Amino acid sequence: MRVKILGSAAGGGFPQWNCACPNCRAVRSGAFQGKPRTQTQVAITQDSRRWFLLGASPDLRAQIEATPELHPRAPGRGESPRQSPIAGAVLANADVDHVLGLLLLRELQPLRIHSTASIRRILREGNSMFGMLERVANQASWTDFAPGEPFPLLGPDEEDSGIRCRALSLGTHFPAYVSAERLSQLSQSKLDQSQLNPQESSLGLLIESASGKRLAFMPAVPEINAALLHELDSADLLLFDGTFWSDDELIRTQGSGSTAQQMGHVPVSSPEGSLQKLAGLRLPRKIYLHINNTNPMLNEANPEHRQVRDAGWEIAEDGCQFDL
Ligand SMILES: [Zn+2]
């Protein structure tokens, strides 16, 4: 299985359009020792022919153009020119920076979208714009999965990719755009009797290749507990929440705002942070992604960058890839 990181920044990207924090100012001026990054996007394939997206970022169009493997193939005689190798997507949450890219895939290409029932209903029933994915028959096909239950990644015609996935419930908060009123309306919908389930709101994805190698995709982790450690211990490649260096990072750089914990992200540093808590993992290659533009570890001249590298971690960059 090939894993490509098309984007490695948190929502907003790096630099972020309205941000003049020290990192964003330095990268714009050309004085930054490090790279700009687009918003987090990972793509995987088992056969190099059909690709699956983990989420769909707002930068997806540019990310596809920057990745020759994702360009449409030349059509055969009489075939439609819509020949993208992207067969589908798996959604880990309904955040804008994780699902907006679906709307960029609206040009009538058959796609399979794997999501929990709650995320599917928020997008399809609560946001009429997503109807653009279902204008013709055999455009977007939605397939529900439940946290904890393994499922195969299927293409639009239900062809099996050979890749298996299992979702872990990590958080219990739906995005802020889902109002309390909407939550209760969706719960009472006649179309689907199942209730919106908070356990289906924010997930980590454990993805197993045809040869049994495991990728853990964990872009938003609110807490590291024993159950999560146990799951991560058997992963070969770990893509982990590197959003914030410290819990009060946004408050210090912006003068106000939320803590990392309040936003559902365990920070990298501190005794409760991922650097400490995951230090005992022996098997996986450990890579931080979903890195916010304020995070000092983005700057390769900073001691925070050195500390992460010395602890055996890598920091994801756009365009890097791994084979499992
Ligand atoms: Zn910034």
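The values are calculated or read from the model by the stated rules, or taken from the named source; none is laboratory data. Please read these numbers as outputs of a predicted model, since none were measured by experiment. Please note: Cβ atoms are built from the backbone with ideal geometry, for glycine as well, and neighbour counts cover all protein chains shown. The accessibility values were calculated without ligands, DNA or RNA, using every heavy atom of the protein model including side chains. Shrake-Rupley method; radii C 1.70, N 1.55, O 1.52, S 1.80 Å.
Assorted remarks:
- Mean separation of Cα contacts under 8 Å, 6 or more apart, over the residue count of the chain: relative contact order %: 19 percent
- Extension gain from Ala146 to Thr172, taking 0.36 nm per residue of separation minus the Cα-Cα distance: 7.9 nm
- Fraction of accessible area attributable to carbon and sulfur, the chain (%, probe 1.4 Å): 49 percent
- Coil-residue trypsin sites (Lys or Arg not before Pro) of the range 116-158, DSSP, other Cβ within 10 Å capped at 14: Arg135
- For Thr259, neighbours were defined as the other residues whose beta-carbon sits under 9 Å from its Cβ, and their charges (Lys and Arg +1, Asp and Glu -1) total -3.
- Within the range 202-252: Cβ-based charge dipole about Cα centre, in debye rounded to nearest 20 (Lys, Arg +1; Asp, Glu -1): 200 debye
- Sum of side-chain charges, Leu154 neighbourhood, beta-carbon under 13 Å (Lys, Arg +1; Asp, Glu -1): -2
- One Cα centroid belongs to the range 34-68, the other to the range 110-124; the line between them spans 19 Å.
- Summing charges over neighbours of Leu183, with a neighbour being any other residue whose Cβ is under 13 Å away from its Cβ, gives -1 when K and R count +1 and D and E count -1.
- Measuring nothing but how far apart in sequence close Cα pairs (under 8 Å, 6+ apart) lie, relative to its length, the range 1-57 scores a relative contact order of 43 percent.
- Taking amide H atoms as placed 1.01 Å from N in the peptide plane, the amide H of Ile113 lies under 5 Å from those of Ala89, Ser141, Trp142, Thr143, each 5 or more residues away in sequence or on another chain.
- Extending 7 Å from Cα along the Cβ direction at Ala227 and again at Glu125 yields two label points whose distance is 2.5 nm.
- Cα gyration tensor category, rounded, prolate or oblate, for the range 78-176 with a/c compared to 1.5: oblate
- Its relative contact order, with pairs defined as Cα atoms under 8 Å and 6+ residues apart, puts the range 197-262 at 24 percent.
- Applying 1/(1 + (r/R0)^6) with R0 = 51 Å to the Cβ-Cβ distance of Arg2 and Ala180 gives a FRET efficiency near 0.75.
- Counted without the sites themselves, the longest stretch of the chain free of chymotrypsin sites (Phe, Trp or Tyr not before Pro) in a DSSP loop having at most 14 other beta carbon atoms within 10 Å is 18-176.
- Estimated translational diffusion coefficient (Stokes-Einstein, Kirkwood radius over Cα pairs, 25 °C, 0.890 mPa s) of the chain: 122 µm² per second.
- Lone cysteines, the chain (no partner Cβ under 4.7 Å): Cys21, Cys165, Cys320
- For the chain, the longest principal axis of the alpha carbon atoms and the long axis of helix 117-126 meet at an angle near 80°.
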